[in-house]
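**Q** Pasting a structure here, questions to come.
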Amino acid sequence: KNEVEQSPQNLTAQEGEFITINCSYSVGISALHWLQQHPGGGIVSLFMLSSGKKKHGRLIATINIQEKHSSLHITASHPRDSAVYICAVSTDGGATNKLIFGTGTLLAVQP
Amino acid sequence: DAGVTQSPTHLIKTRGQQVTLRCSPKSGHDTVSWYQQALGQGPQFIFQYYEEEERQRGNFPDRFSGHQFPNYSSELNVNALLLGDSALYLCASSWDHNSPLHFGNGTRLTVT
């Protein structure tokens, strides 16, 4: 069993829909990261969080440390949100040390 | 302000050869991490450099080695290439181990 599990693996939504991607982990963490990867490789860090909730524009990330679970929400989704969303956790000291990645959620938002 | 830059963007090598990949961190960043991402998989941590020393290492063989220079740029070297080394190699930088990571666009290595 992977230490970081994401669901769903694939998600297709209509423009404007509210989207939720889930991440569960089985190890103790220093921080949890949500990342976005577009075709071709480039990865963008969306959030780094160790407790509570963070919001940036239409994106919201929450984490429940006790339940070892995090969610990424996208409100009013748009085709430009189409990408792979990856959850990763840092387990060794600092928040950006030795990240363990989930396998990602491929999101396609249709117009 | 340039972000993380990696070179080359693409590379084709033959099995058994050696390869060097390069990474320049974002300005002001002193910590560089390298990741290997096989097709359809999430990235796997290779190692992290700080103050020109390898600070942490993932589960990769000694064929994978690295270096960090005084200007914080870094190299990843892979010796005796195997077909299974074909992957996207990502470099990420941060200004300490608690600040957000910035990723480069990666080097896609193909071993034939």
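The values are calculated or read from the model by the stated rules, or taken from the named source; none is laboratory data. These numbers come from a predicted model, not from an experiment. Cβ: placed from backbone, ideal geometry, glycine included. Neighbour counts: every protein chain shown. With ligands, DNA and RNA removed, areas are computed over all heavy atoms of the protein, side chains included. Shrake-Rupley method; radii C 1.70, N 1.55, O 1.52, S 1.80 Å.
**Q** Could you list which residues have their amide H under 5 Å from that of B:T5, counting only those 5 or more apart in sequence or on another chain, with H placed in the peptide plane?
**A** HN-HN under 5 Å from B:T5: B:S24.
**Q** Now, a different point. So for chain A, if I pair up every lysine 8 or more residues apart or on another chain, how many of those pairs have alpha-carbons under 20 Å apart?
**A** Going through chain A pair by pair, I get 6.
**Q** Please state the charge dipole magnitude for the range B:4-81, taken about the Cα centre, from unit charges on C-beta atoms (+1 on K and R, -1 on D and E), reported in debye and rounded to the nearest 20.
**A** Once rounded to the nearest 20, the dipole reads 380 debye.
**Q** Let me ask you something else. Bin width 10 Å, origin at 0, all Cα-Cα pairs of chain B: what percent of pairs per bin?
**A** So the P(r) values, bin by bin, are 16, 51, 29, 5.
**Q** May I ask for the percentage of alpha-carbon pairs in the protein assembly as shown that lie more than 33 Å from each other?
**A** 15 percent
**Q** Place a point 7 Å from the Cα of B:S27 along the Cα-to-Cβ direction; which residues of the range B:86-112 have their backbone N under 18 Å from it?
**A** Those under the cut-off are B:93-96, B:102-104.
**Q** On to the next question. Working from the alpha-carbon coordinates of the range B:30-78, get Rg over Rh, Rh being the Kirkwood radius.
**A** That ratio equals 0.98.
**Q** Something else about it: What nm distance separates the two modelled labels at A:E5 and B:R15, each placed 7 Å from Cα along Cα→Cβ?
**A** For A:E5 paired with B:R15, the spin-label model returns 3.7 nm.
**Q** Same structure again: Under 10 Å, Cα contacts only: if you run a Gaussian network model on chain B, which one of B:G66, B:G40, B:G28 comes out with the highest mean-square fluctuation?
**A** B:G40
**Q** Just to confirm, what accessible area per residue do you get for chain A at 1.4 Å probe, in whole Å²?
**A** 45 Å²
**Q** Using a 1.4 Å probe over the heavy atoms of the protein chains, calculate the carbon and sulfur portion of the accessible area of the range B:1-65 as a whole percent.
**A** Carbon with sulfur: 44 percent of the solvent-accessible area.
**Q** Stretched out fully, how many nm does the piece from A:T103 to A:T75 gain, at 0.36 nm a residue minus the Cα gap?
**A** Net length gain for the segment: 7.8 nm.
**Q** Please state the equivalent ellipsoid semi-axes for the range A:53-94: what are the square roots of 5 times the Cα gyration tensor eigenvalues, largest first, in whole Å?
**A** 23, 13, 9
**Q** Using θ = phi - 60° and the Karplus relation 6.51 cos²θ - 1.76 cosθ + 1.60, list the HN-Hα couplings for the range A:5-13 in order, rounded to whole Hz, with x at every Gly or Pro.
**A** The phi angles translate into 10, 10, 8, x, 6, 10, 8, 10, 9 Hz.
**Q** Share of chain A's accessible area from carbon and sulfur, percent, 1.4 Å?
**A** The nonpolar share, carbon plus sulfur, comes to 50 percent.
**Q** What does chain A give for Rg and for Dmax, in Å, if only its C-alpha atoms count?
**A** So, for chain A, Rg and Dmax equal 13.3, 43 Å respectively.
**Q** Here is a follow-up. Taking the alpha-carbon centroid of each part, what is the distance from the range A:45-72 to the range A:1-20 in angstrom?
**A** 15 Å
**Q** Other chains near A:35-41: what is the mean number of their Cβ atoms within 10 Å of each residue's Cβ?
**A** 4
**Q** While we're looking at this one, here's another question. Could you report the range B:1-81's accessible area per residue, 1.4 Å probe, as an integer in Å²?
**A** Averaged over the residues of the range B:1-81, the accessible area is 52 Å².
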